[in-house]
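The values are calculated or read from the model by the stated rules, or taken from the named source; none is laboratory data. Keep in mind the model is a prediction, meaning the values are calculated, not measured. Positions of Cβ are generated from backbone atoms using ideal geometry, with glycine treated the same way; all protein chains shown enter the neighbour counts.
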Amino acid sequence: MLLSGLTLEAIGQAISRDKSTISREVGRKGMDRFTYRACKAERHARKQKEKQGRTRKLDSNPRLKTIVLDKLKDKWSPMQIASILKTDYAGDMTMQISHEAIYSYVYVLPRGSLKKELLSGLRQERKYRRKRSKKGDAEEKRGKIADMLSIEERPAEVADRIIPGHWEGDLIMGKYKRTALGTLVERTTRSVILVHLTGKDAMSVRRAYAREMKTLPQQMKLSLTYDQGKEMSEHKQFTMDTNMQVYFAHPGSPWERGTNENTNGLIRQYFPKGTDFSKVSKREIKKVQQSLNNRPRKTLNWKTPQETFNKLVAINS
């Protein structure tokens, strides 16, 4: 009928089909009325039917499905899950799955509490980007911290991540900015310490940070890079308490503490904006810390921060 020059509407009337149905058929796989071939269209249709009828790997393998869903609930990314399965089940293809297949499985789930829970661990979502203020404005608004050492004076070995023991720190603010959670991240191993705070004043922060740092081996506490928040105004006393030199990033320059900023995004998966940290126990905070330190990282060749940290401590002991 196409070769005869009939319109799509006329063809539809002849075979009792709507014009739009004929149009979709003729346009399969990039074809048109001049290049349409029935055999090519039939092969494509068969492939689509086979694909639709195929059982997803996670649905056909309950053991694999349980592991994958448990990891997703623990906020592991699909890529982290796929990589660890290759290591833990090397040679067993029935226990391996690509990260694309995991993403696909989650997104086709029907709406409900399970889908919502799994999606919450997949990625960070921001409704908008904040306008970045000028450095001068940020510095003027924040004020100077007495006797601070600039990040420009920090040894080159810190920037190069050659030697472990150099940390970055920050506060994650709680509801109405009345409460906060302290975050400390080691630059080489990506190890995380979450600090339970009774207050966000300088003395409370300094004491809480020093208490956490004193639990570390000496070789793993060399320096701390922080932003110019007033909560670190007692940095000189912190250095006396821990023997760690504090360096301050430039105002409005979060990329100078990139490891900490990225980690804060992961922490927000557990403590979203609006969390009242006065209602979060120290036990809950440490449970999240343990979860973060046991998630494999691509930058660590899919080792966990905990594994990497322990290995370096053993080497340098």
### Task
Please go through region 63-79 and pick out each residue that is buried (at least 21 other Cβ atoms within 10 Å of the Cβ), hydrophobic (A, V, I, L, M, F, W, C) and either in contact (Cβ under 8 Å) with a residue 40 or more places away in the chain or not in a helix (DSSP H, G or I) (or both).
Leu72, Trp76
### Message
I'd like to know if region 45-67 contains one or more residues that are within 30 Å of Thr304 (Cβ to Cβ), touching a Ser or Thr at 6+ places or on another chain (Cβ under 8 Å) and of a type in the set (Asp, Glu).
### Response
no
### Query
Going by the structure shown, is Arg37 at pLDDT below 85, of a type in the set (D, E, K, R) and over 29 Å from Val288 (Cα atoms)?
no
### Message
I'd like to verify a number: residues in region 225-269 that are surrounded by fewer than 16 Cβ atoms within 10 Å (Cβ to Cβ) and of a type in the set (A, V, I, L, M, F, W, C), how many?
### Response
2
### Query
For region 277-317, what are the residues that are surrounded by 15 or more Cβ atoms within 10 Å (Cβ to Cβ), in contact (Cβ under 8 Å) with a residue 12 or more places away in the chain and assigned to a loop (DSSP other than H, G, I, E, B)?
Val280, Arg295, Pro296, Trp302
#### Entry: Residue satisfying all of: in region 188-205; out of contact with any strand residue (DSSP E or B) (no Cβ under 8 Å at 6 or more places or on another chain) and part of a helix (DSSP H, G or I); nearest to Thr225 (Cα to Cα) among these
Ala202
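Just one of Ser191, Ser204, Ser253, Ser233 is over 14 Å from Trp167 (Cα atoms), among the small types (Gly, Ala, Ser) and under 22 Å from the mean Cα position of the chain (by Cα); which is it?
The match here is Ser253.
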### Query
Going through region 59-101 one residue at a time, which ones are closer than 23 Å to Gln269 by Cβ, in contact with a Lys or Arg (Cβ under 9 Å, 6 or more places away or on another chain) and of a type in the set (Val, Ile, Thr)?
Ile81, Ile84, Ile97
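Right, Met244: over 18 Å from Ala146 (Cα atoms), touching a residue at least 24 places away in the same chain (Cβ under 8 Å) and hydrophobic (A, V, I, L, M, F, W, C) or not? Explain how you work it out, then say what you get.
Numbers: over 18 Å from Ala146 (Cα atoms): no; touching a residue at least 24 places away in the same chain (Cβ under 8 Å): yes; hydrophobic (A, V, I, L, M, F, W, C): yes.
In short, no.
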### Task
Residue by residue through region 220-274, note down the ones that are assigned to a loop (DSSP other than H, G, I, E, B) and within 20 Å of Leu312 (Cβ to Cβ).
Lys221, Leu222, Asn243, Met244
## Note on the structure
If we keep only residues of region 2-30 that are within 20 Å of Arg46 (Cβ to Cβ) and among the charged types (D, E, K, R), then the residue nearest to the chain's Cα centre (by Cα) is Lys29
### Message
I'd like the full set of residues that are touching a Lys or Arg at 6+ places or on another chain (Cβ under 8 Å) and within 14 Å of Gly169 (Cα to Cα), limited to region 251-285.
### Response
Ser253, Thr259, Thr263
